[in-house]
Amino acid sequence: MSGGAGFIGSHLVDALRARGIHVTVLDDFSSGHLENLSAHEDDVKIIRGSVTDAGTCADAVADCDLVFHLASRVSVVESLERPELYRSICQDGTRCMLEAAEAAGVRRLVHAGSCSVYGDAPPPISEDAPTSPTSPYAAAKLRAEELCRAFARENRLETACPRFFNVYGPRQRADSPYAGVIAIFASMAARGEAPVIFGSGEQTRDFIHVSDVVGGLLQAAIAHEVGDGRAINLGSERPTSILELASLLGCDPPRHEPARKGEIMHSQADASLAKHLLGFRCLVDLKSGLKDRALTGSSDA
Ligand SMILES: NC(=O)c1ccc[n+]([C@@H]2O[C@H](COP(=O)([O-])OP(=O)(O)OC[C@H]3O[C@@H](n4cnc5c(N)ncnc54)[C@H](O)[C@@H]3O)[C@@H](O)[C@H]2O)c1
């Protein structure tokens, strides 16, 4: 697995190990942390390196039946400042992982896609909605998916491309300017600080708990019909405004700053395809998920 020391990747490692599956993690630890894998010190092989290095990818996928490819930089804002970095990690890195997986005879590669590829498509958003990336991050994630589909089309490797909406849960870090809004707000609420909202706060997001995303990823690895690289939305199908989120978290009245460039207004998944093909179910509703004390910004669950 690439990106296994990160927020979502480390939860996937937990789920795979709980099923007795051997795991190798390839991560450059640019945003991932060793403590996310502390429960697996003795039972997970860790390779420190980049997905943009072909030799490192080959080492990481050797003897693997399945590859989850989650390594990426994940910030829309940073991607506007460093588009080349995003292109390199998402496109070159995904190509390296695909080629290494093909050469090693891997059965399937599951790529972590993003709902950002839809841009400002009107909600609810199904996979049929036209893609319209509004940032270098979204554009790079879309090209990475297209590479996955090309490998499947050419019968080089099965690929699956789940597209996550806004994922939250324990281990999502709040101590970076690029962290997810829930981790940041939860941490501010715990400190009694007023949250900063960019724009009016009426923008909506589809928040999905990390355990539900992990469930979808595990299904995407085995479901028969999805090995052709098709996109599959993983979202809760419920829109929540940023103002509503701040209130649910018990934040102080927010401070508003100008809207950020590249930020989309509304996002809400139509996850019918995932329900149909993956048997996907969203088991954690937002109110219950937000009660988790581990959301307050620590990297430990
Ligand atoms: N968090 C979300 O809401 C969300 C939504 C849509 C898609 N995704 C996708 O899910 C995946 C995981 O995201 P996350 O939220 O867990 O972020 P994260 O930053 O916690 O995890 C990313 C991991 O990739 C590693 N990494 C980055 N560049 C690398 C490189 N060149 N080589 C090897 N490892 C590298 C990081 O160190 C980190 O461990 C990403 O592909 C992201 O695009 C996340």
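The values are calculated or read from the model by the stated rules, or taken from the named source; none is laboratory data. Being a predicted model, the structure only gives us computed values, none of them experimental. A quick note on method: Cβ atoms are made from the backbone with ideal geometry, for glycine too, and the neighbour counts reach across all protein chains shown. Heads up: the accessible areas ignore ligands, DNA and RNA and are worked out on the full protein's heavy atoms, side chains in. Shrake-Rupley method; radii C 1.70, N 1.55, O 1.52, S 1.80 Å.
Tabulated results
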quantity	calculated
Loop-located GluC sites (Glu not before Pro) in segment 95-174 whose Cβ has at most 12 other Cβ within 10 Å (DSSP)	GLU154
Estimated FRET transfer efficiency when R0 is 22 angstrom, pair ARG153-ILE222 (beta carbons, to 0.05)	0.60
Whole-angstrom gap from segment 234-296 to segment 8-80, using each part's C-alpha centre	25
Under 13 Å, Cβ to Cβ, from GLY105 - net charge with Lys/Arg +1 and Asp/Glu -1	-2
Assigned charges on the beta-carbon of Lys, Arg, Asp, Glu; the chain dipole about Cα centre (debye)	280
Loop sites in segment 38-91: GluC sites (Glu not before Pro), DSSP, at most 16 other Cβ within 10 Å	GLU41
Per residue value of the accessible surface for the chain (all protein chains in place, 1.4 Å probe), Å²	43
Order of exposure, largest accessible area first, which applies to HIS276, HIS11, HIS111, HIS266 with probe 1.4 Å	HIS276, HIS266, HIS11, HIS111
Charge dipole of the chain about the Cα centre (unit charges at C-beta), most positive-ward option of GLY55, TYR86, SER75	SER75
MRE, 222 nm, helices only [DSSP H, n ≥ 4, -39500 (n - 2.57), over the chain, to nearest 500]	-10000 deg cm²/dmol
Value in Å of the Kirkwood radius, where segment 223-293 supplies the Cα pairs that are averaged	15.1
Residue among CYS64, ALA112, MET265 farthest towards the positive dipole end of the chain, charges placed on Cβ	MET265
Accessible area of segment 75-189 belonging to carbon and sulfur atoms, whole % at 1.4 Å probe	49
Nearest-0.05 FRET efficiency for HIS22 and ASP120, computed from C-beta distance (R0 51 Å)	0.75
Backbone N under 15 Å from the SER30 label point (7 Å along Cα→Cβ), restricted to segment 63-93	70-93
